[in-house]
Structures are given as structure tokens and as C-alpha cells.
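Have a look at the structure below, then the notes.
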Amino acid sequence: MLWVLRAFSSSVGKKFLMAATGLGFCSFLAAHLAGNLTVYWGFDAFNSYAEHLHALDPLVKFAELGLLTMALIHIATGLTLFYQNWTSRPVRCQVKRAAGGRTLFSATMPYTGLLILAFVALHLITFKFAKGAEETVSQLASSVFANPLYVGIYTVGMLVVGSHVAHGLWSAFQTLGLSHPKYTPAVEKLSLLFGLVVALGFGSLPFFIVLMS
Amino acid sequence: MATINLTLKVWRQKGQKDKGRLETLPAPGISTDMSFLEMLDVVNERLTLEGKEPVAFDHDCREGICGMCGAMVNGLAHGPERGTTLCQLHMRHFRDGDTLMIEPWRARAFKVVKDLVVDRSAFDKIIAAGGYVSASTGGAQDANAIPVPMETAEEAMDAAQCIGCGACVASCPNASAMLFMSAKVSHLALMPQGRPEAARRVLAMLRAADACGFGNCSNERECEAKCPKEIKITHIARMNREYMKAVFGSARE
């Protein structure tokens, strides 16, 4: 099995790990967003979604284990790439301009990634490991977003996630070699659209919850 | 004949051990018909007459096909024009009174030899690791003995245009050599003659590049934007596919 480790420790191998786990997180985001959007049908629908999800506890635990594994791989590999790429140019140009290839999204990937890590930690503390007296998820969300600071953090957090996936989704296809003259232009647009949907879809939730509470 | 007056800020470095510094050199009366390298020639003529050390820079064919020339001009590899080598960049693209910052390629894998001259032998190591077809060709075959679709031949030719100048590495925010490497891998992977050694080639070339200290590709597309031969990152995607096929589909390790 040493050949597997060797294959994934090369520069392209590490990128495969980033792309595969990244696509996994994109599917998670889509599922998480679809579930959360039930709040637009009212708090009852939202609570019902949460209860039904938790009724599938063994499955949820399995998914959580998968997400944790993917997170460890994505973060460890990402930090390695970040360090290696930083040290691959010890002496920099006095003047360096972008030639028109990179975007704000692509240029900030390591930084948005680290911000997302911080956000996920906060999100788990406020929602998953919450120790309040609230009984339903809507009550919990209402009490968290009663604090404007949390509304602010969550809004910025969602813009950051949207920015990360706007480059990440397309980039994962390119890394996995899924490039095709017929489909790639659509994948590039879909990537931007997905970033926008994630930012707006999740980002609008705190405001709606505050209004409803 | 239109002429312009320029101020150059050129990277001067005596050798590998010298720290190097920027030197300001006036370049008055430059004809707009000159190429960038001819402009440097004029500056060097004057420096030589004044008894000073001329600016060292790499050049050979001066018609955009050898891959020897190249420098960062105002932070862009081969200057501001698209699909142009430094020797094919003409001074009509600059204005009277402009200040031009001229620096060498920067990457851990490319050491500065002197002034603007960089050691790109890391590219030779990558090619030597597998960027060739080793089968003996024998006598010339009939042209229709191995059919290749027109589109495939064109794509292989697009990749084969790489002149190995190093602008992709210099432009890449991560100093990655993926575009260079992928051009050769893609070129040979598309051709029937390159298939027998495809797995060995991609594994060996990637290992050589990683050992040289190039960075990792993060799909920023800066290489594609500054490649003088306008080689596309679709070749990087093909190389990634070839790597996956070699790792999981071949018996090689």
C-alpha cells in the first residue's frame, strides 16, 4: 500500500486530495442548505426537518465521521500546500502584477479556508454543542441570532464560504482532470452560481430568523 | 522615426552569492521600432562605452521560438502584451517618460546566475526524466499507417509549441511548473507514439519537478495568461488525468 501514500504525497496527488474532499464538502453544503431552507416554510417545518434528521441518528453519526475525516485531510493537505507554495519563491519580485488569470476568489483560497475553519468551530460551539435550555432548533437559532454580533459573524462567514466554493468547485473539476470543451464553460459558471447560492441562501437565514422571532 | 525616453530600473546581481539590487538606468532616444532586447542592447552599448558592466540577459533567436529570453517587465512575465516573448515585444507599446521595472524570473527552482540571467536547468531535469519517446522509429512509415484525428493532431501541436521559457513558473503565484510539464505530457499523451510510455513518463516527470522545488498548482490561471505560446490549462487537466491513470490504472509505482 506504500504506492498509494506515495501517489498522494506528490504535488498532483495532494491536489487530488483537496479536490475530492472539497467536492465532498460542496455536496454537504448543498444538503445542509436544502435542509436549512425549510425555515422559509416556517419554524414548524424547520423543527420537523431537524427532528426527522436526528431520528436517523446512526446515519448522522456516520456522516459526521466522514465529514471529520474529510476535514482533517482537507486542512492538513491545504496547510502543507500553503506552506510549500509560500516557500517555492524565497526571493520575490519588487513589482508583481496579476496577468488576468487569478480572481479575488482564487487568490484568497488559503485565507478564506482558514476563516472557514474558525467559523466552523464557532458554528459547532453555538449550535451542535449548545448547552442552553432551548428545546427546538428554531428556539436555539432565535436565541443565537438575538445577538447582532452573531448575525454579523454568520453573514460574513457565509460570504467567505461562498467565495471559497466559487473557485473551489470549478478548481476541483480541473484538478481531477474533468476538463472538456463542451462542459467546462458550464462548470465554471456553475461554480460561480453555487458560490452565490451558498452565500445568499445561508446568509439570508439569520435575518429571516430574526424577523420571525 | 519616433523615439521615446525611458527610465529603467534593472535588477543587478553580480553572481549567485551577491544579494543584488535595483539599478536605475536612463534609456533616452529609444526608437519605437526596436524590440525590447534591442532597447537593452542600446543601453548596454552605452554602459560598455562608459566602461561599466553591461546588463546580462539571456537571448538567442530573437524571433520568439527559442525560449531563451524573458524577464519580468513591470511585474509581468515577457511584459504587458499577450502571447509575446520579450524579444518580440516592441517599444511602441511603451510611452515617452515610462519607468520600466525589469527583474529576473523568481522561483526557488530558478536561481539567478547574473542580473536577468536565470538557471532554468530544472526544466532540463524534468524533460530528461521522461519528456521524450524512446522507441526507435526505424524507416519512415506510410503517413496513413497510424491514423490520428485532425483535432487531436492540432491539440498535440498546440502543446508542442512550448518553448520552455519559464514564464509560466515566473507568473505562477506558487512558482509551479505545471503548465510546462503538462505541455510535454499532454503533447506525447495525445500521440499514438507516446502512449506506450505514458504512465512511466508522467510519474517520472512529476517526481523530477517536485524534487526541483517547484510549487503546487492551485488553478490560478496566471500561467495561461502569460504563456507566450498561449498554452491552455486544459493540458494541465490532461496531465492530471494521465497521472490518475498511471497511479491507479498501471502496474507502475
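The values are calculated or read from the model by the stated rules, or taken from the named source; none is laboratory data. As the structure is a computational prediction, the values presented were derived from the model and not from experiment. Glycine also receives a Cβ, built like all others from the backbone with ideal geometry; neighbour counts cover every protein chain displayed.
Would you point out which residue out of B:Arg201, B:Arg195 is crowded, with 23+ Cβ neighbours inside 10 Å, over 17 Å from A:Ala99 (Cα atoms) and charged (D, E, K, R)?
Only one candidate qualifies: B:Arg201.
Being aliphatic (A, V, I, L, M) and not assigned by TED's automatic domain parsing to the domain that holds B:Cys172 is the requirement here; does B:Ala56 meet it?
Here the answer is yes, as B:Ala56 does meet what is asked.
Of everything in the range B:90-129 that's away from every other protein chain (no Cβ under 14 Å) and among the aliphatic types (A, V, I, L, M), which residue is surrounded by the most Cβ atoms within 10 Å (Cβ to Cβ)?
That would be B:Met91.
Just checking, which of B:Ala198, B:Ala211, B:Ala183, B:Ala225 is away from chain A (no Cβ under 11 Å), more than 21 Å from B:Asp58 (Cβ to Cβ) and modelled with pLDDT of 95 or more?
After ruling out the rest, the residue left standing is B:Ala198.
Which pairs do you get when a residue that is within 14 Å of chain B (Cβ to nearest Cβ), found in the range A:108-129, comes within reach of a residue that is at pLDDT 95 or above and not in a helix (DSSP H, G or I), reach meaning Cβ atoms under 7 angstrom, with the pair 6+ apart or on two chains?
Sorted first by the residue in the range A:108-129, then by its partner, the pairs are A:Met109/B:Ser218.
Only residues that are surrounded by 12 or more Cβ atoms within 10 Å (Cβ to Cβ) and not in a loop (DSSP other than H, G, I, E, B): list them for the range B:1-24, please.
Hits for the range B:1-24 are B:Thr3, B:Ile4, B:Asn5, B:Leu6, B:Thr7, B:Leu8, B:Lys9, B:Val10, B:Trp11, B:Arg12, B:Leu22, B:Glu23.
Kindly indicate whether A:Ser143 is hydroxyl-bearing (Ser, Thr, Tyr) and either in a loop (DSSP other than H, G, I, E, B) or within 14 Å of another protein chain (Cβ to nearest Cβ) (or both).
No: the conditions fail for A:Ser143.
Residues of the range B:226-243 being touching a helix residue (DSSP H, G or I) at 6+ places or on another chain (Cβ under 7 Å) and assigned to a helix (DSSP H, G or I), which ones?
B:Lys226, B:His235, B:Ile236, B:Ala237, B:Arg238, B:Met239, B:Asn240, B:Glu242, B:Tyr243
Kindly list, by first and then second residue, each pair from a residue in the range A:162-180 that is at negative phi to a residue that is surrounded by fewer than 22 Cβ atoms within 10 Å (Cβ to Cβ) and of a type in the set (Asp, Glu), limited to pairs with Cβ atoms under 6 Å and residues at least 6 apart or on different chains.
Qualifying pairs under 6 Å: A:Trp170/A:Glu188.
Report yes if some residue within the range A:183-201 is free of Cβ contacts under 8 Å to residues at least 24 places away in the same chain, within 30 Å of B:Glu155 (Cα to Cα) and not in a helix (DSSP H, G or I); otherwise report no.
Checked against the condition, which is being free of Cβ contacts under 8 Å to residues at least 24 places away in the same chain, within 30 Å of B:Glu155 (Cα to Cα) and not in a helix (DSSP H, G or I), the range A:183-201 yields at least one hit.
Kindly indicate whether B:His187 is farther than 26 Å from A:Gly78 by Cα and crowded, with 19+ Cβ neighbours inside 10 Å.
yes
Considering only residues that are in a helix (DSSP H, G or I) and more than 7 Å from chain B (Cβ to nearest Cβ), look in the range A:88-106 and name the one that is farthest from the chain's Cα centre (by Cα).
Step by step, filter the range A:88-106, then rank; the result is A:Leu104.
Going residue by residue through the range B:165-180, is there one that turns out to be assigned to a loop (DSSP other than H, G, I, E, B), within 7 Å of chain A (Cβ to nearest Cβ), over 19 Å from A:Leu178 (Cβ atoms) and hydrophobic (A, V, I, L, M, F, W, C)?
Looking for residues that are assigned to a loop (DSSP other than H, G, I, E, B), within 7 Å of chain A (Cβ to nearest Cβ), over 19 Å from A:Leu178 (Cβ atoms) and hydrophobic (A, V, I, L, M, F, W, C), one finds at least one in the range B:165-180, hence yes.
May I ask you to verify whether B:Asn219 is at pLDDT 95 or above, on the phi > 0 side of the Ramachandran plot and polar (S, T, N, Q)?
Yes, satisfied.
Please specify each residue of the range B:25-43 satisfying the condition of being surrounded by 18 or more Cβ atoms within 10 Å (Cβ to Cβ) and in a strand (DSSP E or B).
Selection gives B:Leu25, B:Ala27, B:Ile30, B:Ser35.
Is there any pair linking a residue in the range B:21-47 that is on the phi > 0 side of the Ramachandran plot to one that is assigned to a helix (DSSP H, G or I) and among the hydrophobic types (A, V, I, L, M, F, W, C), with Cβ under 9 Å and at least six apart or on different chains, and which?
Partner pairs satisfying both residue conditions: B:Gly29/B:Val42.
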